[in-house]
1. Give me the helices (runs of 4 or more DSSP H) completely within segment 120-220, filtered to those with at least 1 residues that are within 28 Å of residue 96 (Cβ to Cβ), ordered by residue number.
2. Can you pull out every residue in segment 42-83 that is hydrophobic (A, V, I, L, M, F, W, C) and either in a loop (DSSP other than H, G, I, E, B) or more than 29 Å from the chain's Cα centre (by Cα) (or both)?
3. Can you say whether residue 224 is closer than 28 Å to residue 23 by Cα, open to solvent by 30 Å² or more (accessible area, probe 1.4 Å) and either among the aliphatic types (A, V, I, L, M) or part of a helix (DSSP H, G or I) (or both), as far as the supplied structure shows?
4. So residue 200 ticks every box in (1) at pLDDT below 95; (2) out of contact with any strand residue (DSSP E or B) (no Cβ under 6 Å at 6 or more places or on another chain) but one. Which box is left unticked?
5. If I ask for residues that are under 15 Å from residue 141 (Cα atoms) and either of a type outside the set (A, V, I, L, M, F, W, C) or open to solvent by 30 Å² or more (accessible area, probe 1.4 Å) (or both), which ones from segment 1-11 would you list?
6. Only residues in segment 82-98 that are without any contact (Cβ under 8 Å) to a residue 40 or more places away in the chain count as the first member; pair them with residues that are open to solvent by 40 Å² or more (accessible area, probe 1.4 Å), Cβ under 9 angstrom, at least 6 apart or cross-chain, and list the lot.
7. Name the residues in segment 84-112 that are surrounded by fewer than 22 Cβ atoms within 10 Å (Cβ to Cβ) and assigned to a loop (DSSP other than H, G, I, E, B), would you?
8. Go through segment 230-266 and give me each residue that's at pLDDT 75 or above, part of a loop (DSSP other than H, G, I, E, B), under 16 Å from residue 131 (Cα atoms) and open to solvent by less than 50 Å² (accessible area, probe 1.4 Å).
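The values are calculated or read from the model by the stated rules, or taken from the named source; none is laboratory data. These numbers were taken from a predicted model, which means no experiment stands behind them. A quick note on method: Cβ atoms are made from the backbone with ideal geometry, for glycine too, and the neighbour counts reach across all protein chains shown. What goes into the accessible areas is simple: the full protein's heavy atoms, side chains included, and nothing from ligands, DNA or RNA. Shrake-Rupley method; radii C 1.70, N 1.55, O 1.52, S 1.80 Å.
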Amino acid sequence: MSYAKILVSVDLSAGAPGRIRLAAGLTQRFEAILCGAAARTVPAPVLVSDIYDAQRQEERNREAVLAELGRAREVFARNAEGAYDTEWRPAYEGAITHLVGLARAADLVVVGQDGEGGPAPLCVPTGPVLMEAGRPVLVVPPETDTLKASRIVVAWKDTVEARRAVSGALGFIRHADQVFVATAGDGAEHAEEVAAYLARHGAAVTTHRLHDRRGAGEEILDFARRQEADLVVMGAYGHSRLREWAFGGVTRDLIRRSPVCCLMSH
């Protein structure tokens with residue numbers, strides 16, 4: 001597949017400018033439009049004394065949100081200058097609801113990596129977007145502003161999520177210098193068959209069976225480092241998300257601490 005429209009989440013975090021520049025660079029490669037999205041619900045008035053106090057609070061809250069959205073638009077405009085084409089889509093609603101809604105008319109959703117600290121204004125958590133967008137989601141580490149996708153690791157596990165991720169990444173895979181289909185742990189069947197499929201799409205591809213001594217997530221990241229890969233492709237939340245939240249999992253590990261971009265699909 002190719003990407004005609006790329007949707008990027010815009011917020012006021014330190015990682016947002018690089019994420020937008022990365023997405024803008026992708027639009028040049030694919031001749032795609034870049035849609036910047038930011039949203040926040042206007043907080044409801046609290047501890048009001050009368051209807052007039054409620055109205056004043058409502059106006060102040062709306063003005064504060066409008067100011068945040070205005071700053072986000074400035075961040076988007078400043079860092080999307082090299083994009084093939086752009087559009088800006090702000091909203092007074094929940095940031096997750098807004099981004100997931102816009103994903104219906106996008107080919108790829110670009111979001112930031114979940115940080116260890118508290119979220120910056122307008123930030124969208126990665127997990128709900130992966131679960132609800134119904135599109136491939138590119139998770140960008142905070143200090144990354146370009147993506148060549150010249151060396152790609154496909155973290156293969158024979159699940160619906162992994163199949164969708166591979167399909168959603170074909171736009172990158174077709175033009176990569178090298179693709180590594182890597183398996184670790186359970187569900188490693190049919191890796192050779194997947195590699196042959198990618199080769200028919202023009203990929204220079206090899207298969208690799210990894211040891212699972214430290215957990216699949218750590219093995220995949222270590223393999224990606226050794227291969228000097230700049231993109232990992234994998235399915236997201238193949239197990240119950242509640243189980244991953246409670247006990248950890250490969251998806252949770254990578255959306256928090258992967259040093260390279262991850263293209264994921266649920």
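1. On the way: elements: 126-132, 160-168, 170-173, 191-200.
Answer list for segment 120-220: 126-132, 160-168, 170-173.
2. We begin by selecting, within segment 42-83, every residue hydrophobic (A, V, I, L, M, F, W, C); these are 42, 44, 46-48, 51, 54, 64-67, 69, 72, 75-77, 80, 83.
Hits for segment 42-83 are 42, 44, 46, 47, 48, 51, 54, 80, 83.
3. Numbers: closer than 28 Å to residue 23 by Cα: yes; open to solvent by 30 Å² or more (accessible area, probe 1.4 Å): no; either among the aliphatic types (A, V, I, L, M) or part of a helix (DSSP H, G or I) (or both): yes.
Taking the combined requirement at face value, the residue does not satisfy it.
4. Only one criterion is unmet by residue 200, namely (1).
5. Taking segment 1-11 as the starting set, the residues that turn out to be under 15 Å from residue 141 (Cα atoms) are 8-11.
Residues satisfying the conditions are 9, 11.
6. Once the first residue is without any contact (Cβ under 8 Å) to a residue 40 or more places away in the chain and sits in segment 82-98, its partners that are open to solvent by 40 Å² or more (accessible area, probe 1.4 Å) give 96/125; 96/132.
7. Across segment 84-112, the qualifying residues are 84, 92, 93, 94, 107.
8. 236, 237
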